[in-house]
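Taking it in order: structure first as structure tokens, then the write-up.
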Amino acid sequence: MESIIAMRGIIKRFYIGQPNELEILHGIDLDVAAGEFLSIVGASGSGKSTLMNLIGALDRPTEGSYFLDGEDVGQADDLSLSAIRCKKVGFVFQNFNLIPRTNALKNVELPMMYAGVSPRRRTQRAMELLAMVEMEDRMYHQPNELSGGQKQRVAIARAMANDPAIILADEPTGALDSKTGRLVMDLFHRLNRDQGKTVVLITHNGELAQETSRVVTMRDGMLYEEGC
Amino acid sequence: MGLDLRENVRMALEGLRANKMRALLTMLGIIIGIGSVIGILTVGEGLSANITGEMAALGAQNISVYFQERPDEEDAGNLLSSMTSVWMEEEDGFSDEMLEALQAQYPEQVGPIAVDEGLGSGQVTKGRDYANVYVYGVNENYLPVYNIEIIAGRNLRAQDNEGARNVAVVSDKLVNNIFGGDVQGALGQEVLTNINGETYAYTVVGVYEYTQNAMMSAISTASERDISTELYIPLNTVKRLTGSMIGRYQYLTISSLSTDSQAVASLIQDFLNRYYVNNPDYQVGVMAMETMTDMVSSMMDTLSIAISVIAGISLLVGGIGVMNIMLVSVTERTREIGTRKALGATNGNIRLQFVVESVIICLVGGLIGILMGACLGYFGSYLLGTPSGPTLGSILLAFGFSMAIGVFFGYYPANKAANLDPIEALRYE
Ligand SMILES: Nc1ncnc2c1ncn2[C@@H]1O[C@H](COP(=O)(O)OP(=O)(O)O)[C@@H](O)[C@H]1O
Ligand SMILES: [Mg+2]
């Protein structure tokens, strides 16, 4: 099966002050096939979010090679990274990160605006996406007028805007109660099952992880397939 | 890029709405700067148009000739003292012989010479109707030299003066008040004029068109009906009453036949001064109307430069205020910037967003400034008698300036936002 994510020997170091370098990821190999629903579990501070930023092309690895849907992220310049994030990745954050003072519709339109989609087409698609997450009646609401679960559903619609190769969700239910968290999880399952979207989910919650097609564990900057 | 400009403008306006007070305080420097520029340009333009217009109406080619104190060493070159006319001994005033000699010497340069003497203000009455007047004794050259247009009848003549006849040229306003506006019917009629308790009867021989002095009319509180207009009678008729010496003049207005009236003025001064070389106290002074106009416009220029400098400083301070608030805004919205980058915004998209925001702040400030400046300018020019609005040019200039300030002072904060590391920005709390 074709690999959407192909990581080989990924090392990530942070430089805090000149002599102090901090190695967070110590050589990670990861392959994710198209249509997989992968969850990454692990203790807080183990490096999950750091890995996720690399997968989402927000950052470049210090060492190693990484191809995302055929694009060489390791060698890309800033402009290419923006383009990769725009077209290939849909981010869902723990704290939603909706743009304030901008209604749900405009939030969903935003990635399409950066992709250069015409205003008419992006409004139409944003409406469809909001209908898909059952938020069509809250289209014109500002983020501060929405509940946490509603915000996250808008954020998921926004992540789908440019029909990305992968959806990256970093603890998307972390700020939600278990009932709304359940609804959000169901939404990811639907995207994966009905639309064949590749989903990478980071979570604390082992139960939620068990529902996905594959679970990997992050421990001190190393990645282990479940059972290891 | 073009596609998200509208969206950026919407976002910027939204941001201003959410922080009205902060936005207003930020814009204050821009508002004051732009407002004062517009106000000054409006008043200045109105005023100089007014002054030059008024002076042209009074005869741009006219030269005033008068007596002045002979300057001692101390205040030689003092402009004010050289412009102050003084009253000469009556028998030493300018004589007809001098004026004839002057015209004979410079027939190509020296035009008609107007002389006048005021009698005082008074009132013309007829039954219950009245008209307020200033009575002036003038020679036959006075009305042409001052560009006063006769609309019915005739000008005063030399014979009227020689015979000191009781004839008058009156304004069309007086005809409105006294003769019901019938200018032809007014000719040949008598007007009874009360001055200082005495009543004099003058036969109307001509009617002139009254042009209101805009600046005076703005200051005066008189109603339309009560406005005083000039009533002209022969000079010698006045001299008879006042007892001043016939054939001697303290003050002349000479129309220049050459366009270089300042050169003609000095010819006249040199020529007439020859009659007064032996006078220890007085000499002849001249002032070309052109010189006055030049002086007024250079004064206006200096004034507008001074105020432009103040406005410039205010705009600079305003620009720095905008930069400051933009830096605050970038810091406050670090997470938003990170999010936008995660969603695919390029550095250029982010830079554009913040430059647009800064430009919008400055444009809104500029717009408020233009409105305020237009109001101030209108009020100021209204007080000066020529109510006028800002010109299209000055409005465009103000908009251009606001925009430039927005770009200039917004670029640094916008660039700072654009260069934020997306991960750092997303982790920012
Ligand atoms: N930009 C950074 N600079 C320095 N250290 C960082 C940076 N980002 C993350 N870290 C460190 O890397 C480690 C892993 O962080 P993170 O990937 O956020 O863990 P997790 O998401 O698994 O909780 C933490 O010890 C954190 O302090
Ligand atoms: Mg994390």
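Tabulated results
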| read-out | value |
| --- | --- |
| Cα gyration tensor, segment A:3-225 - rounded (a/c under 1.5), prolate or oblate | prolate |
| A:V199, A:V117, B:V309, ranked by accessible area, largest first (probe 1.4 Å) | B:V309, A:V117, A:V199 |
| Surface accessible to a 1.4 Å probe, A:F14 within the full protein complex, Å² | 70 |
| Unit charges on C-beta of K, R, D, E only; dipole of the protein assembly as shown, Debye | 3700 |
| Above-threshold pairs, the threshold being 28 Å between Cα atoms, out of A:K87/B:K20; A:K12/A:K106; A:K12/B:K341; B:K20/B:K416 | A:K87/B:K20; A:K12/A:K106 |
| Cα shape, segment B:146-202, gyration tensor, a/c 1.5 rule | oblate |
| Over the protein assembly as shown: Rg over Rh, Cα atoms, Kirkwood Rh | 1.34 |
| Square roots of 5 times each gyration tensor eigenvalue, C-alpha, chain B, largest first, Å | 66, 27, 16 |
| Segment A:14-157 - percent relative contact order, Cα under 8 Å, separation 6 or more | 18 |
| Whole-number percent relative contact order across chain B, with pairs defined as alpha carbons under 8 Å at least 6 apart | 29 |
| Mean accessible surface per residue for chain B, computed with a 1.4 Å probe while every protein chain stays in place, in Å² | 49 |
| Inter-chain Cβ neighbour average for residues A:156-165, partner chain, 10 Å | 1 |
| Magnitude of the charge dipole, segment B:301-429, Cβ model with Lys/Arg +1 and Asp/Glu -1, debye to 20 | 260 |
| Where B:S48, B:S121, B:S358, A:S44 fall by accessible area, highest first, once all protein chains stay in place (1.4 Å) | A:S44, B:S121, B:S48, B:S358 |
| Total accessible surface hidden between A and B, rounded to 100 Å², 1.4 Å probe | 2400 |
| FRET efficiency for B:E424 and B:I313, using Cβ-Cβ distance with R0 set to 56 Å, rounded to 0.05 | 0.90 |
| Dipole of chain B, positive end: most advanced residue of B:Q184, B:Y146, B:L316 [Cβ charges, Cα centre] | B:L316 |
| Protection-proxy order for peptides B:150-156, A:19-25, A:46-52, each taking the mean of Cβ atoms within 10 Å per residue, highest first | A:46-52, B:150-156, A:19-25 |
| Exposure ranking of B:D281, B:D129 by accessible area [1.4 Å probe, largest first] | B:D281, B:D129 |
| Options A:L187, B:G29, B:S304, ranked by Cα towards positive dipole end of the protein assembly as shown, top entry (Cβ charges) | A:L187 |
| Segment B:11-70 shape via C-alpha gyration tensor axes, a/c threshold 1.5 | prolate |
| Environment charge of B:Y202, counting only residues whose C-beta is closer than 15 Å and scoring Lys/Arg +1, Asp/Glu -1 | +1 |
| Length-normalised contact order for segment B:62-288 - Cα pairs under 8 Å, 6+ apart - percent | 35 |
| Accessible area (Å², 1.4 Å probe, nearest 10) - A:F67 | 90 |
| Within 10 Å of each Cβ in A:77-84, the average number of Cβ atoms from other chains | 3 |
| Average beta-carbon neighbours from other chains, 10 Å sphere, peptide A:90-100 | 4 |
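The values are calculated or read from the model by the stated rules, or taken from the named source; none is laboratory data. As the structure is a prediction and not an experimental result, all values here were calculated from the model. Methodologically, a virtual Cβ is constructed for each residue, glycine included, from the backbone with ideal geometry; neighbour enumeration extends over all protein chains shown. All accessible areas refer to the heavy atoms of the entire protein, side chains included, with ligands and DNA or RNA removed. Shrake-Rupley method; radii C 1.70, N 1.55, O 1.52, S 1.80 Å.
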